[in-house]
Amino acid sequence: MAEAPTVHEIYAVKFGENPGGVRGHYFLGPDGDPQDERMRLDYFVWAIRSPGQDIVLDAGFTAATNRTRHRDHWEDPSAALARIGVDAASVPIVILSHLHYDHCGDLDAFGAATFVLQEDEMAFWTGRFAPRREFSRHIEIADIERVIRLNFAGRVRMVDGLHEVADGVWVDKVAGHTPGMQATYVRTAQGIVVLASDSSHFFENVEQDKPFAVHTDVVGLYRSFDTMKAAATSGLVIAGHDPLITERFPAATGHEGRVFRIA
Ligand SMILES: [Zn+2]
């Protein structure tokens, strides 16, 4: 008899925020109106849990990196995950949505993990245009070096397009924000939930068709909205940085303000 398909739970684990931004910084052109209105941006890592296995999406950034970034950094992502019993040191799979500094900083904490990354993302950050300021300002060179070393150690699973990471968990290239940006699709009790990461920083991006201000390809961003909505049989495309996460979804008991159960 075939084994039952794995159904996962998803938790958004908050490790910091940036209270100082305005809409004009975050949206393309008139989509940001009113441009000077304050808008908070939250930092999360994501735990995809099933019996006997935790998969983590993204690795945030550490206090060390925050010395130059000056966000409101609460704790390292691995410490935030430990609050709900996710042991970073024994997590087998970490999906890296892309290589911006706030998504791949705490890799050393995941000493047993294989990291899942799109080929096009690695190629871009080791390629000709990576040093151009509009791109380089969003990365830490030390993070890119770390990923290169992990690749030579055999710990990066480099994929191209749609790929099944584990039973009930897929990544898909949805380029636009970066050339190898990937979304994560998770089978849950409510159907497939899409974790957009930076393919939709805020719910407003995907729900109101308003691109974020940082991208390498605006057509790709619009295409990624369509791709993610089509994949989400649950109707849930979860924004990667939206403070509304903390209002739309219930807090995990005992972790109010920090951990939210998405599905
Ligand atoms: Zn990003």
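The values are calculated or read from the model by the stated rules, or taken from the named source; none is laboratory data. For clarity, every value in this text was computed on a predicted model and none was experimentally measured. In this analysis, Cβ positions are derived from the backbone assuming ideal geometry, glycine residues included, and neighbour counts consider all displayed protein chains. The accessibility values were calculated without ligands, DNA or RNA, using every heavy atom of the protein model including side chains. Shrake-Rupley method; radii C 1.70, N 1.55, O 1.52, S 1.80 Å.
Table for the structure above
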read-out	value
Within region 39-111, strands (runs of 3 or more DSSP E) holding 2 or more residues that are open to solvent by less than 10 Å² (accessible area, probe 1.4 Å) and within 16 Å of the ligand (Cβ to nearest atom)	41-50
Residue identified as surrounded by fewer than 21 Cβ atoms within 10 Å (Cβ to Cβ) and free of Cβ contacts under 8 Å to residues at least 60 places away in the same chain among Ala175, Ala239, Ala251	Ala251
Pick from region 16-66, criterion β-branched (Val, Ile, Thr) and in contact (Cβ under 8 Å) with a residue 24 or more places away in the chain, ranking: farthest from Arg258 (Cα to Cα)	Thr65
Boolean, Asp58 is out of contact with any helix residue (DSSP H, G or I) (no Cβ under 6 Å at 6 or more places or on another chain) and modelled with pLDDT under 95	no
Hits in region 185-227 - residues which are more than 15 Å from the ligand (Cβ to nearest atom) and either in a loop (DSSP other than H, G, I, E, B) or within 16 Å of Asp58 (Cβ to Cβ) (or both)	Tyr185, Val186, Ala189, Gln190, Val193, Val194, Asp209, Lys210
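Per-residue answers, yes or no, for (1) touching a Ser or Thr at 6+ places or on another chain (Cβ under 9 Å); (2) open to solvent by 30 Å² or more (accessible area, probe 1.4 Å); (3) at positive phi:
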residue	(1), (2), (3)
Met158	no, yes, no
Asp167	yes, yes, no
Gln182	yes, no, no
Ser197	yes, no, yes
Asp226	no, yes, no
